[in-house]
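See below for the structure under consideration.
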Amino acid sequence: MTYKVGILGATGAVGQEIIHLLHERKFPFSELRLLASSRSAGKVQEYQGNSWTIEETNQSSFKDLDFCIFSAGGGQSKTFAPIAKEAGCIVIDNSSAFRMDPSVPLVVPEINPEAALTHQGIIANPNCTTAISLMGLFPLHKAFGLKSLIACTYQAVSGSGAEALQELDDQLMAWSKGKNIPPKVYPHPIAFNVIPHVDDFNDDGFTREEMKLLHESRKIMDLDDLMVNCTCVRVPVRRAHSIAITASFENAIDLSVAKEAIKAFPNVELIDNPQQLEYPMPINYSGVSSCALGRMRKTEILPNGLSFWVTGDQLWKGAALNAIQIAELLISRNSAS
Ligand code: A2P
């Protein structure tokens with residue numbers, strides 16, 4: 001059986017990774033429809049000897065598609081997801097538009113695959129930081145019972161899209177020539193800087209990105225009482241997010257049990273040999289399907305406390321890969337209709 005697949009936002013940073021991963025994972029597609037804005041309409045996308053003409057997204061873009069992965073921002077998702085759904089196309093949405101809608105499953109296939117099967121035409125992909133954090137937190141939750149966590153993120157520039165990556169490159173090049181390029185995408189220079197600000201600020205001083213970790217973690221792990229305190233920071237890393245987490249659990253931590261729980265969980269690696277200078281780093285987990293966890297140590301700052309560091313490719317597990325895994329899950333459970 002083969003499927004007709006669309007990508008809304010095909011020209012963007014995540015869209016390009018979706019094209020790559022659909023091929024790399026041999027996703028059974030018979031047609032690939034690449035959708036973007038009028039700016040890209042008519043341009044040609046080439047990949048491994050094949051070429052596609054980019055189409056401007058409109059009301060009839062979703063006709064006959066089985067799946068469409070949306071990665072063009074919340075505004076486009078709100079406009080086009082209901083239209084795609086009406087056309088009988090399953091939407092897998094990377095934006096935050098539907099994540100907290102109770103009728104829309106929010107899915108990490110390794111964690112809550114059953115939720116995907118309850119879809120009514122739209123399935124939401126979690127925020128990139130949430131997806132990567134949960135790849136470490138969920139197996140530990142299964143082992144010890146998660147109560148609360150404090151997280152600090154180190155978020156890569158490609159998470160802000162292709163334009164942001166260009167801004168980093170341009171500022172680095174300018175700096176090497178003794179020049180300055182004023183920021184456009186970010187509020188401050190990103191080259192040789194860190195910016196403790198991701199997404200808009202709420203009135204209480206937290207950002208929307210920081211609150212996503214709380215709300216989405218509760219929904220995905222079905223943990224209504226989970227407490228989360230997060231500080232999101234943009235760092236001048238091209239690709240792959242890292243998160244430093246200190247979590248408090250219901251039960252006492254046994255480090256060897258914690259390590260075994262990580263090793264037994266799919267698609268997360270334990271890289272935790274600090275004496276040999278081995279710990280996960282973004283440079284080693286860019287363009288890699290697995291996330292990685294290391295620096296695991298017990299802490300007394302919280303009851304039954306455990307600190308660790310988790311790294312993963314936010315364009316893949318935080319977006320493109322997770323979305324494709326959801327489509328694969330539906331296909332494997334015969335639920336793609
Ligand atoms: P386009 O390249 O035509 O602007 P990124 O996250 O890397 O910034 O990419 C955003 C993606 O969303 C791009 O593919 C972009 O297409 C697409 N996009 C932006 N605005 C629209 C729109 N109005 N309709 C359809 N796609 C859009």
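The values are calculated or read from the model by the stated rules, or taken from the named source; none is laboratory data. Everything quoted here is computed from the prediction, not taken from an experiment. Please note: Cβ atoms are built from the backbone with ideal geometry, for glycine as well, and neighbour counts cover all protein chains shown. Heavy atoms of the whole protein, side chains included, go into the accessibility calculation; ligands, DNA and RNA do not. Shrake-Rupley method; radii C 1.70, N 1.55, O 1.52, S 1.80 Å.
Run through the DSSP bridge list for the stretch 1-113 and note the antiparallel percent, rounded to the nearest 5. Can you show the working numbers first?
On the way: 4 of 20 bridges.
Taking every DSSP beta bridge within the stretch 1-113, about 20 percent pair in antiparallel fashion.
Of the peptides 247-258, 321-332, 200-211, 56-67, how do they stack up when ordered by the mean number of other Cβ atoms within 10 Å, highest first? Intermediate values should be presented prior to the final figure.
Details: 247-258: 15.5, 321-332: 21.4, 200-211: 13.2, 56-67: 17.5.
Going from most to least packed, we get 321-332, 56-67, 247-258, 200-211.
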If you average the C-alpha positions of the stretch 237-285 and of the stretch 117-145 separately, how far apart do those two centres end up, in angstrom? 16
At 1.4 Å probe radius, can you tell me the per residue accessible area of the stretch 206-337 in Å²? 44
Cα-based helix-to-principal-axis angle, 13-24 vs the chain, degrees rounded to 10: 80
Label-reachable residues, the stretch 92-128, where backbone N falls under 16 Å from a point 7 Å from R208's Cα toward its Cβ: 94-101, 125-128
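With every protein chain kept in place and ligands, DNA and RNA left out, what is the accessible area per residue of the stretch 97-155? Probe 1.4 Å, answer in Å².
Working: 1690 Å² over 59 residues.
Each residue of the stretch 97-155 exposes 29 Å² on average to a 1.4 Å probe.
For the chain, give me the percentage of DSSP beta bridges that are antiparallel, rounded to the nearest 5 percent. Mind showing how you got there, number by number?
Details: 29 of 58 bridges.
Beta bridges within the chain, antiparallel portion: roughly 50 percent.
Give the ranking of H241, H197, H188, H23 by solvent-accessible surface, highest area first, calculated with a 1.4 Å probe. Each step should come with its number before you reach the end.
Details: H241 0, H197 60, H188 95, H23 35 Å².
Listed by decreasing accessible area, they come as H188, H197, H23, H241.
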Taking every DSSP bridge whose two residues both lie in the stretch 130-314, the antiparallel percent to the nearest 5 is 75
By the Cα gyration tensor axes a ≥ b ≥ c (a/c under 1.5 gives rounded; else a/b larger than b/c gives prolate, otherwise oblate), the shape of the stretch 194-337 is rounded
Q59/K179 FRET efficiency (R0 51 Å; Cβ-Cβ; nearest 0.05): 0.65
Short version: ³J(HN,Hα) in whole Hz for each residue of the stretch 109-114, in order, from phi by Karplus 6.51 cos²θ - 1.76 cosθ + 1.60 (θ = phi - 60°), x for Gly and Pro, what are they? x, 6, 10, 10, x, 4
Overall form of the chain per C-alpha gyration tensor (a/c, 1.5; a/b vs b/c): oblate
The helix 321-332 Cα axis meets the longest alpha-carbon principal axis of the chain at an angle in degrees, between 0 and 90 and rounded to 10, of 70
Using alpha-carbon coordinates, inclination of helix 208-221 to the longest axis of the chain, degrees: 90
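Within the stretch 23-102, what whole-number % of the accessible surface is contributed by carbon and sulfur, with the 1.4 Å probe and all protein chains included in the calculation?
On the way: 1840 of 4170 Å².
Of all accessible area on the stretch 23-102, carbon and sulfur atoms account for 44 percent.
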